[in-house]
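The values are calculated or read from the model by the stated rules, or taken from the named source; none is laboratory data. Predicted, not measured: the structure shown is a model, and the values here were computed from it. Counting neighbours? That spans all protein chains shown, and the Cβs are built from the backbone with ideal geometry, glycine included.
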Amino acid sequence: MTSAAGPNATILEGVGQTVLVLSGKGGVGKSTVTVQLASALRAAGHSVGVLDIDLCGPSIPRMLGLEGRDVLTTPQGKWVPVYVDEDQRFSVISLAFFLDSKSDAVIWRGPKKNAMIKQLLTSIMWNVDYLIIDTPPGTSDEHISVMENLRSAAVLGAVVVTTPQMMAVGDVARELTFCRRTGINILGVLENMAGFVCPNCSECSNILATGGGEQLAVKAGVPFLGRVPIDPMLALCSEKGENYLVKCSSSPAAATFQALVTTLTSQSDNQMEVEK
Amino acid sequence: MTSQAGDIEDIAVQECPSNMDDAGKAEVCVGCPGRELCLEGNKPDPDQKIIDTRLRAIKHKILVLSGKGGVGKSSLAVMIAQLLASNGKSVGVLDVDVCGPSIPLMMGVADQPVLDSQWGWKPVVSPSSNIKTLSVGSLLASGSQAVVWRGPRKTSLIRRMVKDTLWGRLDYLIVDTPPGTSDEHLSIVKLLAHTHPEGAIIVTSPQKLATGVVSREIRFCQKLGIPILGLVENMSGFRCPCCSEVSDVFSSGGGEYLSVKYGVPLLGTVPLEPQLTAAHETGSNFLVQLPPHSPTVERVREIVVTLQAKVEGN
């Protein structure tokens, strides 16, 4: 470890812009949003990387059909990310790649997680326009470590994911407070699992209540990035590691993700102009 | 592959010692930046006696666990507690989810603070079901206040919650946990170890994706020697209120798959129910809010019957 993450190691070398995907609550679809966002950015012609820092429950590799792949190491002790596509414009790093078995439990206390995250941020050979960082639920060690280490990197901001219930909204409000306190730019709130259209009769049921995300965005004064309805096809694609945006390109969920990419890239362009 | 690569992989694959007595002392801990902290937390606990006395007054202690977030740990913890209470048991719910406590809202005690008494923190009593609850949410001043804490601080708060709470005599204490297998889990397991908790209920949702994460939790229990009372598959199918067609919103079969794979009993499957969300959000008792013939109520009732037979039979 000492070899790879020296004191002067650069944070996220080779990354154009970084986007964080956050949520105070678990199971709202952070990883799903990460994967779909990355695929959409890739489809828009950018090169993308995904960094999964959920150490205790990494699910990105499964969603991209990359289970069982190994991470290669360069002679300099850097890790080469796993490539999703043949032309190497979509790459992924997850702790799952370093574990022997699918069911291995990572029982780590905070300090050890912090060391691992520091290492993941400094010793990977990225070469991407956009890096999406998928986080575990909560506002704890992983998040503090990432925020601390990202100060010197180009961070576009955070996409905060919620589900429509008041319960989730409460947790996510705490996440927004966290972003403000650590000074991270909030790109906006995305409401996932918003309504379910019955495949039989097309009746739309709001299984998990409705509108929570938009209300939260208005209340907190941050942009509302859109709604992603529950789509069993999306769950299926995530499980099989298939590309949902290609398979169901005309679905409402796909439209939301494409709009999100437009928002992100335009913000990114603005920011670059300012910097020039 | 160079020798450096070997080092890196070792660090990634090796785990913190599962036996808490070895924390900071084992071979893997050499060179770990958290070693000092682990060693510090590893002295014999001077308050263990007080903790044990408090916990011995509680007959059955049950953990609700899941590696994955948002599968309904809190929801299920609340439903089981409310059913047990309606069966005439005295029940307490301890919420050790420090960063995302949702129990206070579900129990309808969101605006009630925990009072300090001569004998310790007095848990807040839910008005809808007479259940004693303690959660970080009740210890915070505002709902949107973020608890941005690193592990050691969370550990010490959980310790205080166990040591300083005046539960009194209880039949059941249901412990709701955050997702994952980290500080909170190790802490609560260690604190309860002396007084032998009955075991853990593991919650999963039907997707294969969730089962991957949940199987890590099963391994966690096996490693730490916590008996697994059973699995519950939540969010299992949705009956369209318009045409009664049942859709597997989150695919299906995850609970059964895990149950067979790890030889753990499947306690039951609980379908999605929009009215349940409403009941939780208003903090009311789901037994009152939902129609009595609702499949969700029936399934949870079956689960609690099995659970009681298991726990009280011994």
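Yes/no matrix, rows are residues, columns are (1) buried (at least 24 other Cβ atoms within 10 Å of the Cβ); (2) touching a helix residue (DSSP H, G or I) at 6+ places or on another chain (Cβ under 7 Å); (3) closer than 29 Å to residue A:237 by Cβ:
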position: B:188; (1), (2), (3): no, yes, no
position: B:194; (1), (2), (3): no, yes, no
position: B:203; (1), (2), (3): yes, yes, yes
position: B:207; (1), (2), (3): yes, yes, yes
position: B:225; (1), (2), (3): no, no, no
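Where in the range B:139-258 are the helices (runs of 4 or more DSSP H), entirely inside, with at least 1 residues that are within 13 Å of chain A (Cβ to nearest Cβ) and closer than 30 Å to residue B:296 by Cα?
Details: elements: B:151-164, B:183-193, B:208-224.
So the answer is B:183-193, B:208-224.
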Note on residue A:205: of the conditions (1) at pLDDT below 90; (2) over 18 Å from residue B:248 (Cβ atoms); (3) small (Gly, Ala, Ser); (4) over 19 Å from the mean Cα position of the chain (by Cα), unmet is (2)
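Just checking, which of A:220, A:255, A:153 is in contact (Cβ under 8 Å) with a residue 24 or more places away in the chain and under 20 Å from the mean Cα position of the chain (by Cα)?
On the way: A:220 fails: under 20 Å from the mean Cα position of the chain (by Cα); A:255 fails: in contact (Cβ under 8 Å) with a residue 24 or more places away in the chain.
So the residue among A:220, A:255, A:153 that is in contact (Cβ under 8 Å) with a residue 24 or more places away in the chain and under 20 Å from the mean Cα position of the chain (by Cα) is A:153.
Can you work out which of the residues in the range A:68-85 that are within 25 Å of residue B:207 (Cβ to Cβ) and more than 18 Å from the chain's Cα centre (by Cα) is surrounded by the most Cβ atoms within 10 Å (Cβ to Cβ)?
First, the residues of the range A:68-85 that are within 25 Å of residue B:207 (Cβ to Cβ): A:68-69, A:82, A:84-85.
From the residues that got through so far, the ones that are more than 18 Å from the chain's Cα centre (by Cα) too are A:68-69, A:85.
Working: A:68: 9, A:69: 16, A:85: 12.
Top of the filtered list is A:69.
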Which ones in the range A:177-196 are within 20 Å of residue A:256 (Cα to Cα), at pLDDT below 90 and either at the interface with chain B (Cβ under 7 Å from one of its Cβ atoms) or surrounded by fewer than 24 Cβ atoms within 10 Å (Cβ to Cβ) (or both)? A:195, A:196
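Residues of the range B:295-314 being closer than 16 Å to residue B:273 by Cβ and hydroxyl-bearing (Ser, Thr, Tyr), which ones?
Keep residues of the range B:295-314 that are closer than 16 Å to residue B:273 by Cβ, which gives B:295-303.
Result: B:296, single match.
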Only unsatisfied item for residue B:287, checking (1) modelled with pLDDT of 90 or more; (2) in contact with a helix residue (DSSP H, G or I) (Cβ under 7 Å, 6 or more places away or on another chain); (3) within 14 Å of chain A (Cβ to nearest Cβ), is (3)
Taking the range A:86-101 as the region of interest, how many residues are within 14 Å of chain B (Cβ to nearest Cβ) and either modelled with pLDDT of 90 or more or under 20 Å from the mean Cα position of the chain (by Cα) (or both)? 6
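For residue A:174, state whether it is crowded, with 16+ Cβ neighbours inside 10 Å, more than 16 Å from the chain's Cα centre (by Cα) and either facing another protein chain (nearest Cβ under 8 Å) or β-branched (Val, Ile, Thr) (or both). Break it down stepwise before answering.
Working: crowded, with 16+ Cβ neighbours inside 10 Å: yes; more than 16 Å from the chain's Cα centre (by Cα): yes; either facing another protein chain (nearest Cβ under 8 Å) or β-branched (Val, Ile, Thr) (or both): yes.
Considered against the rule, which asks whether it is crowded, with 16+ Cβ neighbours inside 10 Å, more than 16 Å from the chain's Cα centre (by Cα) and either facing another protein chain (nearest Cβ under 8 Å) or β-branched (Val, Ile, Thr) (or both), residue A:174 comes out as yes.
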Tell me which of these residue A:269 doesn't satisfy, since it passes every other one: (1) within 22 Å of residue B:235 (Cβ to Cβ); (2) surrounded by fewer than 16 Cβ atoms within 10 Å (Cβ to Cβ); (3) away from chain B (no Cβ under 11 Å); (4) not small (Gly, Ala, Ser). (1)
Counting only residues that are facing chain A (nearest Cβ under 10 Å) and assigned to a loop (DSSP other than H, G, I, E, B), which one in the range B:259-282 is surrounded by the fewest Cβ atoms within 10 Å (Cβ to Cβ)? B:282
